[in-house]
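Before any comments, here is the structure.
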Amino acid sequence: MTVQCSKCKEEIPEGRLKALPGATTCVSCSNSRMKRSVTVVKGEGEDTFNDLIILEADEYESIFGKDQHTGFVFPEDSPVEDAED
């Protein structure tokens, strides 16, 4: 059985349908894109709590700029340093 993408009308690959049986879009048309988050501290005193706002990466960059950096670097993104002997 073939299922067509609801957006581009191309056939959705069998592997995607096995992984996501209810998929209605192909990977290219999927809205699963890179996300960025902003932590917001709300409340006062003992009633302080953190709220997490999730944004699409392009929306985040339009607000905070592309060079905004949290200071955390995932190990796979860190530059490889040459070992000096």
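Amide H contacts of Lys7: Cys26, each under 5 Å away and 5 or more positions distant or on a separate chain (H built 1.01 Å from N in the peptide plane; Pro and chain starts excluded).
Shown for the range 1-64: the carbon plus sulfur share of the solvent-accessible area, taken with all protein chains present and a 1.4 angstrom probe, equals 52%.
The stretch between Lys66 and Phe49 holds 3.4 nm of extra length on full extension. This uses 0.36 nm per residue minus the Cα-Cα distance. In summary, the lysines within cross-link reach of Lys66, defined as a Cα separation below 27 angstrom excluding same-chain residues under 8 places away, comprise Lys35, Lys42.
The values are calculated or read from the model by the stated rules, or taken from the named source; none is laboratory data. Worth saying up front: this structure is predicted, and the values here are computed from it rather than measured. For the accessible areas, the whole protein counts, side chains as well, though only heavy atoms, and no ligand, DNA or RNA atoms are used. Shrake-Rupley method; radii C 1.70, N 1.55, O 1.52, S 1.80 Å.
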